[in-house]
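The values are calculated or read from the model by the stated rules, or taken from the named source; none is laboratory data. What you are looking at is a predicted structure, and each value in this text was computed from that prediction instead of being measured. Here the Cβ is made from the backbone with ideal geometry for all residues, glycine too, and neighbour counts use every protein chain on show. These accessible areas exclude ligands, DNA and RNA; they are computed on the full protein's heavy atoms, side chains included. Shrake-Rupley method; radii C 1.70, N 1.55, O 1.52, S 1.80 Å.
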Amino acid sequence: LAGSASGIVLPEGAERVVHKKEGYEEITVPAPTLPPPEYRAVPTSVFSEVVQPALVGVPTLNRIQSRVFPVAYKTGNNMLVCAPTGAGKTEVAMMTVLRQIEQCVDANGGLDVSELKIVYVAPMKARVRERMK
């Protein structure tokens, strides 16, 4: 199924139902029948020196994090990550935060966070408190 003008293409077998009256679309994507292609785990050494303290003890990103790394850390594009509990979605969100922090490095190598604004939304207060520590 081809998407709208945004260029989104849904996988084979996907179904889209538009609920105009309610104002939303429902998209059902079937589970893949083949195992996912091999991936290369992204080493955390690719992150800048400025954000390395946030990655202590983490040698590589997992499969999902490695897959979305080019978008989450290298661009400012919006993205939607759907994965099971414990798959690393919170860390993907943190990659986008690290990217924003990295953008605040001044000419002297210090951080100028005077214009930095990050809104982190999570379904549980405990998750937000955990990330704010």
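For segment 77-97, taking the residues that are in a loop (DSSP other than H, G, I, E, B) and open to solvent by less than 60 Å² (accessible area, probe 1.4 Å), the one that is nearest to Val56 (Cα to Cα) is identified as Gly88. Is it the case that segment 91-102 has a residue that's in contact (Cβ under 8 Å) with a residue 40 or more places away in the chain, closer than 23 Å to Glu115 by Cα and over 12 Å from the mean Cα position of the chain (by Cα)? Yes - at least one qualifying residue is present in segment 91-102. When Gly57 is tested against the conditions (1) assigned to a loop (DSSP other than H, G, I, E, B); (2) within 29 Å of Gly13 (Cα to Cα), the lone failure is (2). Checked against the criterion of being on the phi > 0 side of the Ramachandran plot and not charged (D, E, K, R), segment 120-131 has no qualifying residue. Put simply, of Met95, Met124, Met79 the only residue that is hydrophobic (A, V, I, L, M, F, W, C) and at pLDDT below 85 is Met124.
Just one of the numbered conditions (1) modelled with pLDDT under 85; (2) part of a helix (DSSP H, G or I) is not true of Val51: (1). Beta carbons closer than 9 Å, at least 6 apart along the sequence or on distinct chains, never pair a first residue in segment 57-78 that is touching a residue at least 40 places away in the same chain (Cβ under 8 Å) with a second that is acidic (Asp, Glu) and surrounded by 11 or more Cβ atoms within 10 Å (Cβ to Cβ).
The set of residues in segment 98-113 being open to solvent by less than 80 Å² (accessible area, probe 1.4 Å) and not charged (D, E, K, R) consists of Leu98, Gln100, Ile101, Cys104, Val105, Gly109, Gly110, Val113.
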